Every structure is written in C-alpha cells, then in structure tokens.
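Take a look at the structure set out below.
Each value in this text was obtained by applying a stated rule to the coordinates, not by laboratory testing. None of the values given here were measured: they were computed from a predicted structure. Neighbour counts are summed over all protein chains in view; Cβ atoms, including those assigned to glycine, are modelled from backbone coordinates with ideal geometry.
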Amino acid sequence: MFPLLRLGPFLVQLPGLALLAGVWAGLSLAEKQAVRLKLNASDIYHLVFYGLVAGIVGARLAYAARYLNAYLANPISLLALTPTTLWPAAGLVIGLAAGALVGWRKRLPLRPTLDALAPGLAAFLVALGVAHFLSGDAFGASAKLPWSLYLWDDYRHPSQVYEIVAALTILVTIWKRPVGRPGDGTGFLLVVALSAGARIFLEAFRGDSVVWPGGFRAAQIVGLVVLATALWLLKNWGRTSAPEPMSAQETPMTGGRR
Amino acid sequence: MTTTLPQATRRWNTLLAVALSVAGLWTFLSRVPPAATPGGAPPPSPRQGFSAPDFTLDLLGGEQVTLSDLRGKVVLVNLWASWCLPCRAEMPAIEKVYRANKDRGLEVLAVNSTFQDREAEAAAFVQTFGLTFLIPLDRTGAVSARYQLRALPSTYFVDRQGVIRSVVIGGPMSEATLQSMVEALLNEAP
C-alpha cells in the first residue's frame, strides 16, 4: 500500500524498513528479558545476530544453487539487493541451525534462552504485520464490509490489520502477564501456541492462501501441527522445573552488548 | 482398581482437546471452495498471483502489441524511461537474457513511459543499447496507472498462463537475477 519512500535519488523499501525495526525492537526486548532471566544479554544478542546473518546469506546461496549456471557466470549477483532472489524456507532452516550452534557453543540453557527470545519474537511478528500492511502482501479475501480495504482491485478483509492486532495482543500478553516459572520455557511456548492459534483463525480471511487438496489452507494445517506440539510441550514443560541458567554463574550479567 | 489423573493434568488434557478440536473444526469449515476460482484464472491486478492486466499499445517503429496475444509465452514486462539511471543500467542485462532465451519462449515488452519521456529520446536509447525486443509506448500513462507504477524501473514476470509470478520494483537487476527468474517460468510446461 505504501511500499516505497523516495528520498532524493534513493528509493527506500518501507516493508524492509519495518522488518529492520522489528529486528531491532525484538533484539532489545530479548536482551531485556535475558537480564530478567539472569542470562548474559550479549550471548542472546550474538545468537540472534548470527542466526539472522546466516539465514539471509543461506537463503541467497540456496537460491543461487538452484540456478547455478546463471550465478557462476555472474557471481557478483550474489550481492544483489533483490529480495525475490532469496529462498526463504532454506534461509529459515540455516538461520535456526546457526542460532542453535551459537547457543550450543555459548552453553546457553535451552528453556531460559527460549524464554528470553519470546518477547522479541512477538515484537518481530508485529513488525511483520506492519511490513505486510505496507507492501500489500498477505492480503485478505474479497469482502464488502464497513472496515474493508480497497486493495489489488477489490474490497478485502484488512487481513494485515487483523495480523497486527493479534500480534500486539500476544506481545502485551507475554510481556505483562508471564506464565509459568521464569525460564521454564513456557513463555516461548505460549507465544508459539498463541501465534499458531491466531494464524489458524485469521488464515480464513486471507485471499492468498496456499491451498492443498480438499480445499485445505496449508497455513492452517501447519498451524494445527505447531499448535498441538506447543500445547503438548506446554503441558510437559510446565510440570518440570526449569534448569539453572548456566551463564548466570559463568559470565557477568551485563545488560547490553559489547 | 482405577487410577485417577492429577487434576492439573486432566485440566490440561481437556484444554488441549478443546483447543485442537475447535482449531480443527475451524480449519475444516474455512476450506477454500472449488468455485472460488472460476475458470482457474485469477482476476487481473498488478501483483504476484493475479492475471497481468491486459493492454494494447503502439510499438516504437510502428504496429501494435497486445499482452494477451502473447499467452503461451513467458513475458517480461519492464516499465522504463530513458532518463532513469537504473533503467539504463539493467537494459543490457535484459537484452542478453532475451537473446539467450527467446527461442525457448521468452518475450520482453519494455514499455516506455512515454508520457514522462520523449519518443525521440526513447528511440535513441534503444539504438544506443541495440535493443532487439518490443518497445511499446505508453503515451497516455494508462498502462503505468493500471500497473500502479510507483518507481522506474518496475518489472513484472508473467508466466505462460498470463499470471504475474514476481514483481521487482526498482533496479537495476543483474543478468543472473533476471536469468534465474525467467528460468523457473520457462521450465514450466506450456
């Protein structure tokens, strides 16, 4: 809807800017939460930072590998700023693997680390909704309602607004009313479960769903699996006590990165 | 003798069952009906996943072209102007990719935004870069408006069914970027 901002000779892609703001806000919240949980904030920062970098680089390399001849003939294109030449699924897997590797090397305990990341993840999901609103992606199904948006030649559900409201609600819930014991991993699982639930509900109002045989929306089926897993883990993790944060004893409890 | 589960576990199991049942039922009820895409063709709009809005324009040097007449080919629609620096930077790459793939069914419509350019300068530009593909002239700005043009260059990758599969706003695009994006579409069955 407002994808571009012209600043003199430069063309700023606003959705990209929203995502960057989301990363920044997410990182800040994750660092604050890390301090609350007596983890080293700097370790959490590095985990996210290296995960992101590896994810972006991996997404580009994986895309280039699919069109190897084109990129071998013109390798400088690996540095192109075109986001359409990324392979997001591969980037996600590589980014998560890199983050896990950093966490393992820094001996970060799993559940407190996940809890430290929870509010940051929720904040990033708000930014993702804003990015969708600015780009017109993740658009709604045709609907003539008093609150419909005119987008892509039709009146539609403002699905991006629904997405932002849901993500904001999850963020406020997790930040203001933490569940379980601090660092037992239930905060992270709650964000995942609520996000999956919101996606299952809101996907019904989307106009760009990937449809599987039988008319089922792919995101809802994936959401169901994620929701079931998160609820099952919530049940089990909630019963067991949280492990002691290792970094609390081994490293200084600094609030910021160096 | 029967054993009873602790109350908290029972509550959790109930919650889990209720949440998953409601979510499953909603998933079932919100399936996409087959009639949602009549004829299989999405409506026209200048966005990925929609049919490319049709147009008929005069070509530089005479004759006309209609986008829908190119159905069955992969079409790269590029909106440009002679004064636009990224357009100048990416046009040689478009020409190379066009020459390498035209026999496989690639067509390029490099729509000049003539309403904000000059025809003579567009012609000089085409000559300078030795462009061999079609150059439609958008004299009234109608096509730019229909494609909701926000920046030059803007490029739309249209598949053999006339559906926009990717949009790149701004540039310049490199040869590898262009080749990889048309390659995926050219590999699809006609």
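Here are the numbers:
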quantity: 10 Å Cβ neighbours from other chains, averaged over peptide B:142-149; calculated: 1
quantity: Gaussian network model of chain A, Cα within-10 Å springs - most flexible of A:PHE133, A:PHE205, A:PHE216; calculated: A:PHE216
quantity: Highest average packing first - B:9-17, A:218-226, Cβ atoms within 10 Å; calculated: A:218-226, B:9-17
quantity: Orientation-averaged projected area, Cα convex hull of the range B:75-135 (nm²); calculated: 3.7 nm²
quantity: Cα Rg, Dmax (largest Cα-Cα span) when computed across the protein assembly as shown, Å; calculated: 25.4, 96
quantity: Among B:LEU178, B:LEU70, B:LEU25, residue whose mean-square fluctuation peaks in a GNM of chain B (springs only between Cα atoms under 10 Å); calculated: B:LEU25
quantity: Listed residues B:ALA23, B:PRO44, B:VAL97: farthest to the positive end of the dipole of the range B:20-111 (Cβ charges); calculated: B:ALA23
quantity: Under-30-angstrom lysine pairs by C-alpha in the protein assembly as shown, whenever the two are 8 or more apart or on separate chains; calculated: 11
quantity: Where Rh is the Kirkwood radius over Cα pairs, Rg/Rh for the range A:6-117; calculated: 1.07
quantity: Residue-averaged 222 nm ellipticity for chain A, from DSSP H runs of 4+ at -39500 (n - 2.57), nearest 500; calculated: -21000 deg cm²/dmol
quantity: Antiparallel content of DSSP bridges confined to the protein assembly as shown, in %, to 5; calculated: 70 percent
quantity: Mean Kyte hydropathy of 0.0 or more with a Cα span along the axis of at least 30 Å, helices from DSSP in chain B; calculated: B:7-29
quantity: For chain A, built as a Gaussian network whose Cα springs stay under 10 Å, the top-fluctuating residue of A:ARG206, A:ARG107, A:ARG239; calculated: A:ARG239
quantity: Value of Rg to Rh for the range B:43-186 (Rh from inverse mean 1/r over Cα pairs, i.e. Kirkwood); calculated: 0.91
quantity: Packing-based exposure ordering (other Cβ within 10 Å, fewest first) of A:THR186, A:THR229, B:THR128, A:THR84; calculated: B:THR128, A:THR229, A:THR84, A:THR186
quantity: Rounded to the nearest 20 debye, dipole of chain A from Cβ charges on Lys, Arg, Asp, Glu; calculated: 520 debye
quantity: Fraction of beta bridges assigned by DSSP in chain B that are antiparallel (%, nearest 5); calculated: 60 percent
quantity: Kirkwood hydrodynamic radius (C-alpha pairs) into Stokes-Einstein, chain A, 20 °C and 1.002 mPa s, D in µm²/s; calculated: 107 µm²/s
